[in-house]
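The values are calculated or read from the model by the stated rules, or taken from the named source; none is laboratory data. Treat the numbers as computed from the prediction; the structure is a model and nothing was measured. Methodologically, a virtual Cβ is constructed for each residue, glycine included, from the backbone with ideal geometry; neighbour enumeration extends over all protein chains shown.
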Amino acid sequence: MCLVENTLVQNIEVANKQKPADLIIKNGKIINVFTQEIIEEDIAIHNGMIVGIGEFKGENVIDANGQYICPGFIDTHVHIESSMVTPSEFSQVVLPHGVTTVIADPHEIANVCGVKGIQFMLDASENIPLDVNVMLPSCVPATPFENAGAILDAAALEPFLPHPRVLGIAEVMDYPSVLNAKEDMMKKLQLAHKSRKHIDGHMAGLGVEEINVYRTAGITTDHEAVSQEEMIDRLRRGMYVQLREGSVAKNVKALLQGVTEQNARRCIFCTDDKHLDDLIDEGSIDYNVRAAIQAGISPITAIMMATLNAAECYGLRTKGAVAPGYEADLLFLSDLESVKISKVFKKGLLVAENGQYLLENQDIPRIDEVSRTVSVPDITKESLQLPIVTEEAHIIEINPNSLITNHLIEKVNVQNGFFAPSTANDQLKIVVVERHKKTGNIGIGVVKGFQIQSGAIASTVAHDSHNIVVAGTSDEDILKAIHTITEMQGGLAVIQNEQVIASLSLPIAGLMSPLHYTEVYKDIQRLNEALITVGAATEFNAFLTLSFLSLPVIPKLKITDIGLFDVTTFTHISV
């Protein structure tokens, strides 16, 4: 008899009370997401699975002391790379927040390292206590209007589909290719359909006509709705809407206004891109659940959105509920309204308690295949000049805590025929340097909203192609920032008076650190202090905002290594 069959026989014997269970949890108030009620019964656990609700005997007994017990939370769309730590370190951060399963899109590292990046994330998330399911990046590069480190066609993705943790094709953001039924995109979608896998959407700014096309293509989710109206349009056409709360894109509170008893079953939660410090200080999906309760949604419904809804959306048949036949991924809540998590169990094993991760640290994965990824030619101050032939220029204006930018036309300072940054007008120079193939491409533009008074900030976390992106008040500081990032082989830096005042090295694809998350957290705190030193705005995260200004699939105006990009027309334009 094979191991799986033997385990099933054992579980049935325990469910039938012929044998004692491995673990019994008594005196808990079970959140039943099926019937929307709270029940008080024993929970019998064997081989990591729940095998019974009722009265049971077991070898080990845990007294819940009247606490609430709910399923582990599921993050339905997350880029682990945005935490800037490896999957094993990421697990240590989110498990104490009650997240026991994630649907990860390794889109970021794939844009830098291609299939090697996807394989690294699969290998690095193997045998860790967090369940990391993977969606294969559908758009590498995100558009043909920028240069990434790799190009992934359908043939490159196909070998990954049989992997047991690969659930489908990740966020389809190249909507012109879907609308026009471009051959390569159709091959990717057909791969998912042929293998009966899921397809995620990315429908920023799209209306009902485009939603019709996406749904016809078999795309079932979207995390880019930013208003109640957009959310309802998607729900009416049969989509799941992912209510997102990341470090930049904060849409949960606005979208919760549209959640009703009638449509809640099609609403799920995600974080998308969330910085390590925000995960530690604010939380992950537990934050979304708390926000939903504070918005007037019943706690059981909010928990259902974070568990059962998510599991059903992605076909995770043994996750999302406290019931027989489900994995024993359980949270003890000492307070239901505030979602105060006292214990986290993963397959019946206590992995976190009172905010502390309890297991031993995992080994650091090998990074040879995904390091040494920053390669740029010699760059001088002359390379950074931006010619201006009129007094006015097209300007990227930041919307605080939003991925969407404004497209402004304003007068700018011009010296000797070139743009001169103005702190008085909050007009800084923004530069994107191609760093994968040493092409020498440098996109240069003007950005408004950072409020930086001196110096420059730079990063290789620059969605989605992850070139070097820099915003600064002078060419000297911008140049120093580029050199600093290159020497570190990726990371974040704050420069003032041509001196590095804070930095974070990210040698794994220029996106992640191999260090323990506590060390990375300290460097992030130093970076945040340095941002204050250079006068950056405090109502939003300047580095997170900078990282999305090079994303040419989110309206309205962005910048790539080729130049200024108008997302509404999907064309590059002159500054």
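Residue-wise test of (1) assigned by TED's automatic domain parsing to the domain that holds L515; (2) surrounded by fewer than 19 Cβ atoms within 10 Å (Cβ to Cβ); (3) over 26 Å from M512 (Cα atoms).
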site	(1), (2), (3)
Y287	no, no, no
A295	no, yes, yes
A302	no, no, yes
L308	no, no, yes
A328	no, no, yes
L331	no, no, yes
V351	no, no, no
L359	no, yes, no
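Quick check on this structure: which one of V322, V339 is more than 19 Å from the chain's Cα centre (by Cα), within 29 Å of G168 (Cβ to Cβ) and crowded, with 24+ Cβ neighbours inside 10 Å?
None of the other options fit; the residue is V322.
Look at I109 and say whether it is touching a Leu at 6+ places or on another chain (Cβ under 8 Å), under 29 Å from V431 (Cβ atoms) and crowded, with 19+ Cβ neighbours inside 10 Å.
In short, yes.
Would you check which residues across the stretch 479-496 are over 14 Å from A536 (Cβ atoms) and touching a helix residue (DSSP H, G or I) at 6+ places or on another chain (Cβ under 7 Å) and list them?
L479, G491
Can you name the residue in the stretch 251-287 that is touching a Lys or Arg at 6+ places or on another chain (Cβ under 6 Å) and over 20 Å from Y521 (Cα atoms) and is also modelled with the lowest pLDDT among such residues?
Among those residues, the one meeting the criterion is N251.
Quick one: which residue in G28, G58, G54, G72 is on the phi > 0 side of the Ramachandran plot and not charged (D, E, K, R)?
The conditions single out G54.
Identify the residue in the stretch 210-243 that is surrounded by fewer than 22 Cβ atoms within 10 Å (Cβ to Cβ) and polar (S, T, N, Q) and, among all such residues, is farthest from A291 (Cα to Cα).
The selected residue is T216.
What about A110, is it touching a helix residue (DSSP H, G or I) at 6+ places or on another chain (Cβ under 6 Å), assigned by TED's automatic domain parsing to the domain that holds L189 and in a helix (DSSP H, G or I)?
yes
Taking the stated definitions as given, is N399 at pLDDT 90 or above, in the same structural domain as I430 (by TED's automatic domain parsing) and closer than 30 Å to D286 by Cα?
yes
Here are I30, I80, I62: which of them is surrounded by 22 or more Cβ atoms within 10 Å (Cβ to Cβ), not polar (S, T, N, Q) and not assigned by TED's automatic domain parsing to the domain that holds A124?
I30
If we scan the stretch 555-573, do we find a residue that is closer than 18 Å to E397 by Cβ and free of Cβ contacts under 8 Å to residues at least 12 places away in the same chain?
Checking the stretch 555-573: at least one residue is closer than 18 Å to E397 by Cβ and free of Cβ contacts under 8 Å to residues at least 12 places away in the same chain.
Yes or no, residue by residue, for (1) over 17 Å from the mean Cα position of the chain (by Cα); (2) closer than 23 Å to K438 by Cβ; (3) modelled with pLDDT of 95 or more; (4) not acidic (D, E):
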position	(1), (2), (3), (4)
L130	no, no, yes, yes
C139	no, no, no, yes
E146	yes, yes, no, no
I151	yes, yes, no, yes
P164	yes, no, yes, yes
L167	no, no, yes, yes
A170	no, no, yes, yes
